[in-house]
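Report on one structure; see the data block that follows.
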Amino acid sequence: PEKEYNVARYRQDAMRKIKEIIKKGKTPLFVGGTGLYMSILIDGIFKTKSKKPSIRKRLCKETECLGSEYLYRRLKKMDPDAAIKIHPHDTKRIIRALEVFETTGQPISQLQKQRKGLIDKYEIKIFGLNMERDKLNRRIDERVDRMFARGLLNEAKRLLKLSLSRTATYAIGIKELKGYLGGLYDLEEAKRLIKRNTRLYAKRQLTWFRKDKRIKWINVGDEVEPKEVAKRIWKELYWSQ
């Protein structure tokens with residue numbers, strides 16, 4: 001949690017594993033819910049010297065003082081194409097887009113068109129698991145309750161004693177429990193905020209993925225066994241070829 005991790009490092013690690021798996025004659029299967037990491041892997045990453053700590057530090061400070069929506073309005077003027085794809089509260093990506101523009105003088109949306117990824121070399125198939133919103137929200141609430149039962153509060157206490165990386169600081173649960181430990185509200189309110197923010201995050205994930213027309217959606221729920229979902233994906237992968 002004290003080490004920074006980003007999409008560039010993820011792509012480097014993933015590409016190394018892909019080569020190992022293909023060398024064994026196997027098919028790499030990636031499972032997860034983060035749209036940006038999926039996009040970087042499948043569609044590629046643009047190569048440019050666009051990182052400047054001083055600019056990023058200033059933008060982070062502006063976000064703390066003025067809020068993410070202030071920076072988002074600036075992004076809409078600088079790079080409207082990028083702004084369309086970024087949520088007004090997605091602080092990390094807003095800062096990154098502004099940093100790229102200020103460092104290179106080019107919109108990140110234009111630089112991204114130059115990138116190449118796995119889609120240029122392999123046949124890629126993407127599946128999305130879709131669930132009714134009320135069922136999804138119930139599962140999220142139940143998951144948060146289990147996390148507290150298994151020691152989330154104590155874990156947060158330990159983490160907050162460390163010098164956390166920016167990546168870890170953004171994890172849902174850290175900020176909410178920091179507020180509780182700082183006496184801003186009680187534990188029930190912290191729990192409510194974690195549930196709410198997780199639901200909002202899930203909503204943003206779905207919004208991102210639904211824009212990708214390559215995704216084959218599969219409806220799941222309490223009545224659908226994981227084995228059945230796996231069988232359907234298997235058929236789509238191999239029987240449709």
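The trypsin sites (Lys or Arg not before Pro) of segment 119-179 that DSSP puts in a loop, and whose beta carbon has at most 11 other beta carbons within 10 Å, are 121, 150, 161. When the solvent-accessible area of segment 78-183 is split by element, carbon and sulfur atoms take up 50 percent of it, the probe being 1.4 Å. Straight-line cross-link partners of residue 85 among the lysines, defined as a Cα under 17 Å from its Cα and at least 8 positions apart when in the same chain: 76, 77, 113, 203, 211, 213.
Using the Cα gyration tensor of segment 46-117, with a ≥ b ≥ c the square roots of its eigenvalues, what is the shape: rounded (a/c below 1.5), prolate (a/b larger than b/c) or oblate (neither)? Don't skip to the answer; put the middle values down first.
Working: a/c = 2.09, a/b = 1.36, b/c = 1.54.
Oblate, since a/c reaches 1.5 and b/c is not below a/b.
The trypsin sites (Lys or Arg not before Pro) of segment 1-97 that DSSP puts in a loop, and whose beta carbon has at most 12 other beta carbons within 10 Å, are 3, 24, 26, 47, 49.
Between residue 69 and residue 163, the simple label model (points 7 Å from Cα in the Cβ direction) yields a spacing of 3.5 nm. Classify segment 1-85: rounded, prolate or oblate, from the alpha-carbon gyration tensor (a ≥ b ≥ c, eigenvalue square roots; a/c under 1.5 rounded; otherwise prolate if a/b is larger than b/c)? Because a/c hits 1.5 or more and a/b exceeds b/c, segment 1-85 counts as prolate.
Where in the chain lies the longest segment free of GluC sites (Glu not before Pro) that are both loop residues by DSSP (not H, G, I, E, B) and have at most 12 other Cβ atoms within 10 Å? Provide the component values of the computation, followed by the final result.
On the way: sites that count: 2, 4, 123, 132, 223.
With a cap of 12 other Cβ atoms within 10 Å, the longest stretch comes to 5-122.
The H on the amide N of residue 127, modeled in the peptide plane, is under 5 Å from the matching H of 216, each at least 5 residues off or on a different chain. For the chain, just say rounded, prolate or oblate: build the C-alpha gyration tensor, square-root its eigenvalues into a ≥ b ≥ c, call rounded for a/c under 1.5, and beyond that prolate if a/b exceeds b/c, oblate if not. Here the chain falls in the oblate category. Taking springs between alpha-carbon atoms closer than 10 angstrom, which of 154, 130, 197 fluctuates most in the Gaussian network model of the chain? The residue with the greatest mean-square fluctuation here is 154.
Result for the chain in a Gaussian network model with C-alpha springs under 10 Å: among 108, 18, 215, the largest mean-square fluctuation is at 18.
Write down the accessible area per residue of the chain in Å², having rolled a 1.4 Å probe over the full set of protein chains.
Ligands and nucleic acids excluded, the figure is 68 Å² per residue.
What does a probe at residue 155 reach in segment 1-32, counting residues whose amide N is under 14 Å from the point 7 Å along Cα→Cβ? 1, by backbone N distance to the label point.
The values are calculated or read from the model by the stated rules, or taken from the named source; none is laboratory data. Fair warning: this is a prediction, and the values are worked out from it, not measured in the lab. Counting neighbours? That spans all protein chains shown, and the Cβs are built from the backbone with ideal geometry, glycine included. In case anyone asks, the SASA skips ligands and DNA or RNA and just uses the protein heavy atoms, side chains included. Shrake-Rupley method; radii C 1.70, N 1.55, O 1.52, S 1.80 Å.
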